[in-house]
Amino acid sequence: MSVRVRYAPSPTGLQHIGGVRTALFNYFFAKANGGSFILRIEDTDQERYNDEALQDLYDTLDWLDIPWDEGPGKGEFGPYQQSKRFDIYQDYAQKLLKTDKAYYCFCSSERLESVREEQKKNKSSVQGYDRHCRDLDPAEALARKEAGESCVLRLKVPLEGKTTFHDEVMGDITRKNSDVSPDPVIVKTDGFPTYHLANVIDDHRMEITHIMRAQEWIPSGPLHVILYEAFGWTPPKYCHLPLVMGKDGSKLSKRHGSTSLVDFRKTGYLPEAIINYISLLGWSFDDSREFFTREDLEQLFSMERINKAPAVFDYKKLEWFNGQYIRMKSKESLLELLIPILQKDGIVSYPMTEEETAILDGAFPLVQERLKFTTDVSEMIRFLYKDLESYNCEDALPKKMELSQIPAVLDAAAALLEGFKSRSQEENEQAFYNLSQEMGLKMGQVMQPVRVAVTGTNISPPLFESIRLLGVEKAIQRLNALKEQILMTLRP
Ligand code: GLU
Ligand code: ZN
């Protein structure tokens, strides 16, 4: 039997790290086993459904370049959007009713509320629905429904016995049936199925072989197995994926930083870096290898190597991966990403002029060597394209120095730059080192104001390279301009 797995998000919010981890694990598991990856939209909750979230899902999978073998618009088991499958759920719900595995419940929300209050007051160990309508006469219940009385359909969870489901990672998980949610609603008053019913029917009908989803869903496991049994079906294999934590050991959330993919995209992360890093959140190949391209993962991913222990999401590590992938890109493909950013930020024109292209060409090796995020490129090389109108003097002020000391530093540096071109890189370094010694300063205390004067920022390429790219004459002019500005601010 060939592997069929699915990613089944509910489009209620933006795609985040956890969801994408689930998508990628399913995708790579399918590829590694020559199986199919299915995308199913679980949009039965009309109140929480959100168009933007659906668009974001498509955009995210598109950006990561994770195509589905079956899903909206493609495949023989469709429709793949639950809101288009209501007839199917109705039919199956009726089957459960006929086989006495489900029953109509007419309890009003007021009644349910007061049951809950009672339970709270009595500190009752039983929580939830009190199964009030479980033993109504089915014919009578049907008559009431047909007379127009509002009702839901509930699953008859066995009162005794135990339910075990086997998880490929966690092993056997057993629950007493009396601890499983007491007779959950499977069809709502408005006729819509709940998550549990739709999810189980679809996994069965779509012939899903393995369910890989977040550990948050483990509590639903026994209930789903009971549903499969009620239908007389065999459940797929389960594989619940370890939690993703922040560094402080609590579940990853916005408190730790951005978690939505669209934010990572806007920040200038590469999909390659995201895919590589997220694949390591709960999976490993061996104990040392870290770099995996998409093609590697399509071959090497295996369920056996999924961990039990929670994974820790380390923003710094992802950042590091991003830098590594930027360095690994070919010039052509990196430029393809950088040029639109430079154009959007108004650094270069559209299309680029010859002169602009030449400047970028010169700066490229350094840019590729130093970029952390693609979006940093504009700030990094703006100084090569634009005159610096004014400076933020604070940027130019090293620690433990007074602004009044800076003009002298800039003057001395400008004098040194006169001979810049005739010296080698080492000689220039030596010259600046000597200068700092003479002035009783640290090398960095001399370099920082010079760097800010020349480039306007502290994140430019290395200083001497920046000067070389800009041209010595312009660099000297800028040193003077910063000096003038500082003198103006110092004037009483
Ligand atoms: N729609 C559920 C979700 O949003 C799917 C859970 C599952 O994979 O069964 O996570
Ligand atoms: Zn009831």
Exception for residue 490 within (1) within 15 Å of residue 403 (Cα to Cα); (2) at pLDDT 95 or above falls at (2)
Please indicate, with yes or no, whether at least one residue in the range 145-167 is away from ligand 2 (no atom under 15 Å from the Cβ), under 40 Å from the mean Cα position of the chain (by Cα), part of a helix (DSSP H, G or I) and on the phi < 0 side of the Ramachandran plot. no
Which numbered condition residue 149 misses (of (1) farther than 16 Å from residue 219 by Cβ; (2) in contact with a Lys or Arg (Cβ under 7 Å, 6 or more places away or on another chain)): (2)
Options 103, 92; residue that is within 16 Å of ligand 2 (Cβ to nearest atom), of a type in the set (Phe, Trp, Tyr), surrounded by 14 or more Cβ atoms within 10 Å (Cβ to Cβ) and modelled with pLDDT of 95 or more: 103
Among what's in the range 111-120 and is within 12 Å of ligand 2 (Cβ to nearest atom) and under 41 Å from the mean Cα position of the chain (by Cα), pick the residue that is surrounded by the fewest Cβ atoms within 10 Å (Cβ to Cβ). 112
Would you confirm whether any residue within the range 108-128 is away from ligand 1 (no atom under 16 Å from the Cβ) and within 26 Å of residue 202 (Cα to Cα)? no
Between a first residue in the range 94-119 that is farther than 14 Å from residue 229 by Cα and a second residue that is within 9 Å of ligand 2 (Cβ to nearest atom) and among the acidic types (Asp, Glu), which pairs have beta carbons less than 6 Å apart while being 6 or more apart in sequence or on different chains? 115/130
Going through 43, 56 one at a time, which residue ends up being out of contact with any His (no Cβ under 7 Å at 6 or more places or on another chain), part of a helix (DSSP H, G or I) and not aliphatic (A, V, I, L, M)? 56
Residue identified as away from ligand 1 (no atom under 13 Å from the Cβ), β-branched (Val, Ile, Thr) and farther than 27 Å from residue 264 by Cβ among 60, 99: 99
Please work out if residue 435 is of a type in the set (A, V, I, L, M) and either crowded, with 20+ Cβ neighbours inside 10 Å or more than 22 Å from residue 400 (Cα to Cα) (or both). no
Which residue is surrounded by the most Cβ atoms within 10 Å (Cβ to Cβ), if the candidates are limited to the range 372-397 and must be touching a Leu at 6+ places or on another chain (Cβ under 8 Å) and not in a helix (DSSP H, G or I)? 391
Residues satisfying the stated conditions in the range 115-131, i.e. outside any helix (DSSP H, G or I), in contact with an Asp or Glu (Cβ under 8 Å, 6 or more places away or on another chain) and on the phi < 0 side of the Ramachandran plot: 124, 129
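Residue-wise test of (1) surrounded by fewer than 17 Cβ atoms within 10 Å (Cβ to Cβ); (2) away from ligand 1 (no atom under 16 Å from the Cβ).
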| site | (1), (2) |
| --- | --- |
| 130 | no, yes |
| 136 | yes, yes |
| 143 | yes, yes |
| 146 | yes, yes |
| 149 | yes, yes |
| 159 | yes, yes |
| 164 | yes, yes |
| 168 | yes, no |
For residue 48, the lone unmet condition from (1) buried (at least 19 other Cβ atoms within 10 Å of the Cβ); (2) within 15 Å of ligand 1 (Cβ to nearest atom); (3) basic (Lys, Arg) is (1)
Of the numbered conditions (1) farther than 22 Å from residue 28 by Cα; (2) surrounded by 14 or more Cβ atoms within 10 Å (Cβ to Cβ), residue 255 satisfies every one except a single condition; which is it? (2)
So, residue 94, is that one under 15 Å from residue 205 (Cβ atoms), more than 27 Å from the chain's Cα centre (by Cα) and assigned to a helix (DSSP H, G or I) or not? no
Name the pairs whose Cβ atoms lie under 6 Å apart, with the first residue in the range 5-34 and at pLDDT below 95, the second surrounded by fewer than 20 Cβ atoms within 10 Å (Cβ to Cβ) and of a type in the set (Lys, Arg), and 6 or more positions between them or separate chains? 12/48
Just to be sure before I move on: is residue 453 of a type in the set (Gly, Ala, Ser), over 21 Å from residue 367 (Cβ atoms) and part of a helix (DSSP H, G or I) in the structure I sent? no
State whether one or more residues within the range 1-15 are in contact with a Phe, Trp or Tyr (Cβ under 8 Å, 6 or more places away or on another chain), assigned to a helix (DSSP H, G or I), hydroxyl-bearing (Ser, Thr, Tyr) and within 16 Å of ligand 1 (Cβ to nearest atom). no
Give the number of residues within the range 23-35 that are surrounded by fewer than 22 Cβ atoms within 10 Å (Cβ to Cβ) and either within 14 Å of ligand 1 (Cβ to nearest atom) or in a strand (DSSP E or B) (or both). 0
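The values are calculated or read from the model by the stated rules, or taken from the named source; none is laboratory data. Since this is a predicted model, take the numbers as computed values, not measurements. With ideal geometry, Cβ positions are generated from the backbone for all residues, glycine too; neighbour counts draw on all protein chains shown.
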